[in-house]
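Asker: One structure, as structure tokens, below. Some questions next.
The values are calculated or read from the model by the stated rules, or taken from the named source; none is laboratory data. No experiment lies behind these values; they were computed from the predicted model shown. Note that each Cβ is placed from the backbone with ideal geometry, even for glycine, and that neighbours are counted across all protein chains shown. With ligands, DNA and RNA removed, areas are computed over all heavy atoms of the protein, side chains included. Shrake-Rupley method; radii C 1.70, N 1.55, O 1.52, S 1.80 Å.
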Amino acid sequence: MTALASAPKKTIYAPLELFDTARLLDDDEREIGATVRKFVDTVLRPDIENWFESATLPKELAKEFGALGLLGMHLDGYGCAGTNAVSYGLACMELEAGDSGFRSFVSVQGSLSMFSIHRYGSEEQKNEWLPRLATGEAIGCFGLTEPDFGSNPAGMRTRARRDGTDWVLDGTKMWITNGNLADVATVWARTEDGIRGFLVPTDTAGFTANAIHRKLSLRASVTSELVLDNVRLPASAQLPHAAGLGAPLSCLNEARFGIVFGALGAARDSLETAIEYTGTRSVFDRPLSSYQLTQEKLANMTVELGKGMLLAIHLGRIKDAEGVAPEQISLGKLNNVREALAIARECRTLLGGSGITLEYSPLRHANNLESVLTYEGTSEMHLLSIGKALTGHAAFRS
Ligand code: TGC
Ligand code: FAD
């Protein structure tokens, strides 16, 4: 690659071109990013406005994601692609440039459902579920949050009790992505020995998924309540290597890492939309992009997007080298989602009245990012994680 300073001079640059972040990636990583971007632009983008408006995510997309190798792509074996973390992040970024709902689907399938089985499952569980989840023939979900326990999953009320060699589960999980689409749910429950994980086939008697409607955010994503009413499972349904709250929280690290990159996709798409719009929109007889106030907005957003990208790649390199600490992922998730949301909102202002329609992506992205700011640990939880790392005091509880 040629350095920007010595490359043939262009008159106009895309925001990330100015940062030249592509030079921090290897050929494989660039190719994965380009492939997913093309898939999003040709297969998903033409329908996203309709899916968002009608609040649907077609189930068949799972197999398309699977065919592209996106499901559990950072896991090894069992039909998974085994890419590095940076490649996974770049795929998340390109998916979220289309819509956060696409990235959410892939996050939940690969980083929460499949990762929980890959890390904590028996060989039998891995062979039963992972190959089918990797192709998208089966869909997974991950039930940690409950109606009264979101930020504080340690308080969960869902219980699993022994009955002979069986387990019997009772409780309610809330806000579960893919809940109504799923064939298997990873459900976290309290036992007399502490929190444990269970694989619940969704056709088990006593299991119900109720779709949550009237969402103003993540409309192209299925979100559900899971009800477990006397759900009887064989002993083999328990994830044998998961013990304590640390197990589900370790899965969250994987999904949160994808969001560090993903949110930047929504920001980049918003910014590119605003740059294009302001270049063609004439106000007071000149292009909107020629005014200083507009350029200040575009320049500030570009700076934040590029800084977020540098942070994402940096965390990815650490993850690929020796593993990234949860507090470091908190830095990335907090900053990149917060800045992406600010960028999407600012881009909406540049579009004026046109910005409130579905025809332009920034407000759709901003609405989605409201959920992204809340799920996988709210911004406040990540502030407190960073605060704990800096002071040694856990301020989650009074
Ligand atoms: P605490 O006492 O701090 O920790 C309990 C045990 O867990 C360990 N631990 C972690 N391990 C791995 N990764 C992490 N990030 C971890 N954080 C903590 C910890 O070392 C301890 O282990 P041990 O062996 O000593 O027992 O737990 P706490 O109850 O005080 O809570 C800490 C807090 C608030 C940070 C945690 O509860 C938290 O992260 N809350 C936020 C919950 C959350 O993010 N939920 C997300 C649900 S899934 C979702 O939103 C999917 S969205 C769909 C999509 O991704 O698209
Ligand atoms: P609460 O925990 O009630 O928080 C409300 C507010 O209080 C927040 O601002 C929070 O930061 C603040 N707060 C909480 N505790 C403190 C404190 N100690 N100090 C200061 N402020 C505090 N969960 C899953 O398990 N699986 C999924 O697949 C999943 N998908 C989701 C999809 C969507 C679209 C959404 C919106 C959520 C999803 N969730 C999922 C749930 C998500 O993880 C929770 O919404 C999130 O963890 C916050 O929990 P809560 O909604 O109960 O809010």
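Asker: Could you figure out which of (1) open to solvent by less than 10 Å² (accessible area, probe 1.4 Å); (2) under 28 Å from ALA344 (Cβ atoms) isn't true of LEU75?
Answerer: The one condition LEU75 does not meet is (2).
Asker: Then there is this: Enumerate the pairs (first residue in segment 161-176 and of a type in the set (Val, Ile, Thr); second residue anywhere and surrounded by fewer than 19 Cβ atoms within 10 Å (Cβ to Cβ)) with beta-carbon separation below 7 Å, excluding pairs fewer than 6 apart on the same chain, so at least 6 apart or on different chains.
Answerer: Here the result reads THR165/ALA235; VAL168/ARG161; VAL168/ASN230; VAL168/ARG232; THR172/PRO147; THR172/VAL227, each pair linking segment 161-176 to a residue that is surrounded by fewer than 19 Cβ atoms within 10 Å (Cβ to Cβ).
Asker: When you check ILE259 against the structure, is it within 24 Å of ARG103 (Cβ to Cβ), open to solvent by 40 Å² or more (accessible area, probe 1.4 Å) and either part of a helix (DSSP H, G or I) or of a type in the set (Gly, Ala, Ser) (or both), yes or no?
Answerer: Answer is no for this residue.
Asker: If you check LEU218, LEU199, LEU252, which single one turns out to be among the aliphatic types (A, V, I, L, M), away from ligand 1 (no atom under 16 Å from the Cβ) and touching a residue at least 60 places away in the same chain (Cβ under 8 Å)?
Answerer: The conditions single out LEU199.
Asker: Could you please give the count of residues in segment 186-208 that are open to solvent by less than 20 Å² (accessible area, probe 1.4 Å) and out of contact with any helix residue (DSSP H, G or I) (no Cβ under 8 Å at 6 or more places or on another chain)?
Answerer: Within segment 186-208, residues that are open to solvent by less than 20 Å² (accessible area, probe 1.4 Å) and out of contact with any helix residue (DSSP H, G or I) (no Cβ under 8 Å at 6 or more places or on another chain) number 3.
Asker: Right, another one. Tell me the helices (runs of 4 or more DSSP H) entirely within segment 30-100 that contain at least 2 residues that are among the small types (Gly, Ala, Ser) and more than 30 Å from TYR120 (Cβ to Cβ).
Answerer: Passing ranges, in order: 85-98.
Asker: If you go through segment 233-246 one residue at a time, how many are more than 8 Å from ligand 1 (Cβ to nearest atom), surrounded by 12 or more Cβ atoms within 10 Å (Cβ to Cβ) and among the small types (Gly, Ala, Ser)?
Answerer: So the count comes out to 4.
Asker: Taking the stated definitions as given, is THR204 part of a helix (DSSP H, G or I), out of contact with any Gly (no Cβ under 7 Å at 6 or more places or on another chain) and over 26 Å from LEU315 (Cα atoms)? First the steps, then the outcome.
Answerer: Numbers: part of a helix (DSSP H, G or I): no; out of contact with any Gly (no Cβ under 7 Å at 6 or more places or on another chain): yes; over 26 Å from LEU315 (Cα atoms): yes.
Against the criterion (part of a helix (DSSP H, G or I), out of contact with any Gly (no Cβ under 7 Å at 6 or more places or on another chain) and over 26 Å from LEU315 (Cα atoms)), THR204 does not qualify.
Asker: Now, a different point. Tell me, which residue of segment 121-159 that is within 10 Å of ligand 1 (Cβ to nearest atom) and either in a helix (DSSP H, G or I) or modelled with pLDDT under 95 (or both) is farthest from LEU75 (Cα to Cα)?
Answerer: Top of the filtered list is GLY155.
Asker: Taking helices (runs of 4 or more DSSP H) that fall entirely within segment 292-396, which contain at least 3 residues that are open to solvent by less than 60 Å² (accessible area, probe 1.4 Å) and more than 17 Å from GLY265 (Cβ to Cβ)? I'd like the intermediate steps shown before the answer.
Answerer: Details: elements: 292-321, 326-350, 362-374, 379-391.
In segment 292-396, 292-321, 326-350, 379-391 are the helices (runs of 4 or more DSSP H) which contain 3 or more residues that are open to solvent by less than 60 Å² (accessible area, probe 1.4 Å) and more than 17 Å from GLY265 (Cβ to Cβ).
Asker: When segment 243-270 is examined, which residues are found to be aliphatic (A, V, I, L, M) and more than 15 Å from ligand 2 (Cβ to nearest atom)?
Answerer: Scanning segment 243-270 gives ALA243, VAL260, LEU264, ALA267.
Asker: In addition: Just for segment 124-146: of the residues that are free of Cβ contacts under 8 Å to residues at least 60 places away in the same chain and more than 17 Å from the chain's Cα centre (by Cα), which one is farthest from ligand 2 (Cβ to nearest atom)?
Answerer: That would be ASN127.
Asker: Within segment 342-355, is there a residue that is of a type in the set (S, T, N, Q) and more than 22 Å from LEU24 (Cα to Cα)?
Answerer: Within segment 342-355 (the criterion being of a type in the set (S, T, N, Q) and more than 22 Å from LEU24 (Cα to Cα)), the answer is yes, since at least one residue qualifies.
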